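Participant: Provided herewith is a single structure, encoded as structure tokens, for subsequent inquiry.
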Amino acid sequence: MSTGDFDFTDHSHRRYNPLTDSWILVSPHRAKRPWLGQQETASKPDIPEYDPKCFLCPGNHRATGGSNPQYESTYIFQNDYAAVKEEQPVLKADNSEDTLRNRLFHVQSVRGNCFVICFSPKHNVTLPLMSVPELTEVVGAWQGLYNDLAKKAREEAKPFKYLQIFENKGTAMGCSNLHPHGQAWCLETVPSEVSQEFKSFDKYHAAHNTHLLADYVKLEMEEKSRIVFENDSFLVVVPYWAVWPFETMVVSRTKVANIAQLDDKQKKDLAIVLKTLTTKYDNLFETSFPYSMGIHQAPLNATQEELDRSWLHLHFYPPLLRSATVRKFLVGFELLGEPQRDLTAEQAAERLRKLDGETHYTKNL
């Protein structure tokens with residue numbers, strides 16, 4: 001690609017996202033040094049290890065009744081406010097006639113179940129403040145839930161097709177309880193974002209006879225400029241097409257279809273990635289860094305075709321742009337036109353790459 005006098009750090013341009021078949025506008029001249037802005041004084045969060053009013057702490061009553069056990073490590077339970085239910089009538093839509101309603105209004109019933117995953121019994125920790133062995137237990141809990149739901153779908157005919165594991169960290173991301181936890185929603189359908197990725201994988205394979213993420217990992221390893229952290233099993237990059245200022249993607253270096261396929265070495269390596277990346281995030285603005293994180297993987301009880309197209313990866317979408325309180329909002333042009341960012345993926349990756357990923361900023365206060 002010939003760029004001539006074009007300067008990617010100064011001139012506006014669009015970047016293509018092959019995962020979602022979409023574009024993003026990049027305007028780097030608007031914020032060449034986005035980390036130089038409003039500054040806050042770093043402080044240690046004053047949060048107790050146990051909160052008697054927390055619905056997720058060990059031994060406490062939950063909002064809808066019942067009590068948590070005195071759990072000592074990662075604990076999973078059915079969400080008391082599940083977004084989908086296993087038992088409900090199946091919607092039977094009659095689309096046999098060519099009417100305007102049938103052309104334009106499509107609807108499906110959706111069944112499933114939702115779970116809460118308490119990462120730790122300690123109310124005052126987050127992923128970067130947990131140890132690698134503790135985070136390895138979290139990864140093991142994800143694996144266990146994946147395998148358990150796949151088994152129930154096979155043997156008990158449960159309406160489980162896809163398991164979406166995710167975490168909303170911080171009130172900025174709508175988290176309603178600060179106890180360290182994530183969620184897992186299991187649906188009888190594959191969600192739209194994941195389905196679009198699968199379509200893109202199929203399209204790329206048909207055109208190039210290789211997996212899109214296999215080629216992407218190869219290219220990122222060659223260019224290096226967007227790599228934030230790496231170990232034997234995983235690569236952490238700011239995607240070339242990133243929307244959020246310090247968005248990252250964690251992708252397995254070799255083909256792994258789902259979280260359950262990780263061996264002990266890969267489990268530990270993923271735990272190290274989770275700790276290192278989230279520590280870097282917190283150290284960036286010396287705050288408990290908010291984000292939404294989610295795992296994309298193969299469906300439960302996947303066919304061979306589905307296994308072939310799937311490649312385990314995690315998306316981290318954090319909103320902070322200039323400081324602990326200055327956020328990026330997708331409004332105006334972003335909502336009505338297409339996503340836009342003010343710094344390049346390479347600039348964001350360089351900033352994250354230089355940060356300490358081992359020592360949390362609170363250790364120095």
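Participant: What does the extension gain come out to for N177 and C54, with contour length at 0.36 nm per residue minus their alpha carbon separation?
Facilitator: Roughly 43.5 nm would be gained on extension.
Participant: Hey, with R₀ at 22 Å, roughly what FRET efficiency would T303 and K92 work out to, going by the Cβ-Cβ distance, to 0.05?
Facilitator: On the way: r = 26 Å, r/R0 = 1.18.
Efficiency computed from Cβ-Cβ geometry: 0.25.
Participant: Using the heavy atoms of the protein chains alone and a 1.4 angstrom probe, what is the accessible area of the chain per residue in square angstrom?
Facilitator: Working: 18230 Å² over 365 residues.
With the other protein chains kept in place, the chain gives 50 Å² per residue.
Participant: Okay, next question. Please work out whether segment 117-193 counts as rounded, prolate or oblate from its C-alpha gyration tensor, where a ≥ b ≥ c are the square roots of the eigenvalues and a/c under 1.5 means rounded, while otherwise a/b larger than b/c means prolate and anything else oblate? Mind dumping the intermediate values first?
Facilitator: Working: a/c = 2.84, a/b = 1.61, b/c = 1.76.
Taking the square roots of the gyration eigenvalues as a ≥ b ≥ c, segment 117-193 is oblate.
Participant: Taking 7 Å along the Cα-to-C-beta vector as the label spot, tell me the Y16-T362 distance in nanometres, rounded to one decimal.
Facilitator: Modelled inter-label distance: 4.5 nm.
Participant: Counting only protein heavy atoms, what percent of the accessible surface of segment 226-337 is carbon or sulfur at a 1.4 Å probe? Write down the numbers at each step before the final one.
Facilitator: Working: 1970 of 3730 Å².
Carbon and sulfur together cover 53 percent of it.
Participant: Quick one: which residues, 5+ away or cross-chain, put their amide H under 5 Å from the amide H of L320? H built at 1.01 Å from N.
Facilitator: Excluding prolines and chain starts, which carry no amide H, the hits are K328.
Participant: Picking from T99, T64, T136, which is most flexible by a Gaussian network model of the chain using Cα springs under 10 Å?
Facilitator: Answer for the Gaussian network model of the chain: T99.
Participant: Measure up K275/K354; K53/K122; K152/K268; K44/K363 against 19 Å on the Cα-Cα distance and list the ones that go over. Before the final figure, lay out the partial values.
Facilitator: Values: K275/K354 16 Å; K53/K122 13 Å; K152/K268 27 Å; K44/K363 9 Å.
Distance filter (> 19 Å) returns K152/K268.
Participant: Now a separate question. What distance in nm separates the two pseudo spin-label positions at S27 and D80, each 7 Å out from Cα along the beta-carbon direction?
Facilitator: Spacing of the two 7 Å Cα→Cβ label points: 4.5 nm.
Participant: Taking the Cα centre of the chain as origin and charging only Cβ (+1 Lys, Arg; -1 Asp, Glu), how large is the dipole, in debye to the nearest 20?
Facilitator: On the way: 41 positive and 47 negative charges, 88 e Å.
In total the dipole reaches around 420 debye.
Participant: Okay, moving on. Under the classification rounded if a/c is under 1.5, otherwise prolate if a/b is larger than b/c and oblate if not, where does segment 240-365 fall, given a ≥ b ≥ c as square roots of the Cα gyration tensor eigenvalues? Working shown, then result.
Facilitator: Details: a/c = 2.52, a/b = 1.30, b/c = 1.94.
Since a/c reaches 1.5 but b/c is at least a/b, the shape of segment 240-365 is classed as oblate.
Participant: Here's another thing I want to ask about it. Can you figure out the FRET efficiency of F6 with F166, using R₀ = 45 Å and their beta-carbon distance, to the nearest 0.05? Let's see the in-between values first.
Facilitator: Working: r = 38 Å, r/R0 = 0.83.
Calculated transfer efficiency: 0.75.
Participant: With no other cysteine's Cβ closer than 4.7 Å, which Cys residues of the chain count as lacking a disulfide-compatible partner?
Facilitator: Cysteines lacking a close Cβ partner in the chain: C114, C118, C175, C186.
Participant: Which of Y71, Y291, Y240 moves most in a GNM of the chain, Cα contacts under 10 Å?
Facilitator: Of Y71, Y291, Y240, the most mobile in the Gaussian network model is Y71.
Participant: Put a dot 7 Å past each Cα toward the Cβ at E72 and L219; how far apart are the dots in nm?
Facilitator: 4.9
Participant: For Y291, enumerate residues with amide H under 5 Å from its amide H, sequence gap 5+ or separate chain, H modeled in the peptide plane.
Facilitator: K169
Participant: Could you derive backbone 3J(HN,Hα) for segment 175-183 from the dihedral phi with the Karplus parameters 6.51, -1.76 and 1.60 (θ = phi - 60°), listing whole Hz in sequence and x where the residue is Gly or Pro?
Facilitator: 3J(HN,Hα) across segment 175-183, in whole Hz: 5, 8, 9, 7, 4, x, 7, x, 9.
Participant: Related question: Through the Karplus equation 6.51 cos²θ - 1.76 cosθ + 1.60, θ set to phi - 60°, convert the phi angles of segment 245-260 into ³J(HN,Hα) values in whole Hz; use x for Gly and Pro.
Facilitator: Values per residue, Gly and Pro as x: x, 10, 4, 9, 10, 9, 10, 5, 6, 10, 5, 10, 7, 8, 4, 6 Hz.
Participant: Here's a follow-up. Can you tell me how segment 62-183 classifies by the Cα gyration tensor, rounded, prolate or oblate, using a/c under 1.5 as the rounded cut? The partial results should precede the final answer.
Facilitator: Details: a/c = 2.49, a/b = 2.01, b/c = 1.24.
Prolate, because a/c is 1.5 or more and a/b exceeds b/c.
Participant: Would you mind listing how long the chain runs along its three principal axes, going by Cα atoms, in whole Å with the largest first?
Facilitator: Per principal axis, max minus min of the Cα coordinates gives 61, 58, 41 Å.
Participant: May I pose another question? Please list, in order along segment 98-114, the HN-Hα scalar couplings obtained from phi with the Karplus expression 6.51 cos²θ - 1.76 cosθ + 1.60 (θ = phi - 60°), rounded to whole Hz, x for Gly and Pro.
Facilitator: 8, 10, 4, 4, 5, 6, 9, 10, 10, 8, 9, 7, 9, 10, x, 7, 10
Participant: Would you work out what percent of the accessible area of segment 47-189, with all protein chains in place, is carbon or sulfur (probe 1.4 Å)? Mind showing how you got there, number by number?
Facilitator: Details: 4040 of 7880 Å².
The C+S portion of the solvent-accessible surface of segment 47-189 is 51 percent.
Participant: Return the long-range amide H neighbours of N17 (sequence gap of 5 or more, or a different chain), with a cut-off of under 5 Å between placed amide H atoms.
Facilitator: S22, W23, I24
Participant: I've got another one for you. Rounded to the nearest 500 deg cm²/dmol, what is the calculated helix-only ellipticity per residue at 222 nm for the chain, with -39500 (n - 2.57) per DSSP H run of length n ≥ 4?
Facilitator: Working: 8 runs with 100 residues, N = 365.
After summing the helix terms and dividing by residue count, I get -8500 deg cm²/dmol.
The values are calculated or read from the model by the stated rules, or taken from the named source; none is laboratory data. If you're wondering where the values come from, they're calculated on a predicted model, not measured in any experiment. Neighbour counts are summed over all protein chains in view; Cβ atoms, including those assigned to glycine, are modelled from backbone coordinates with ideal geometry. Heavy atoms of the whole protein, side chains included, go into the accessibility calculation; ligands, DNA and RNA do not. Shrake-Rupley method; radii C 1.70, N 1.55, O 1.52, S 1.80 Å.
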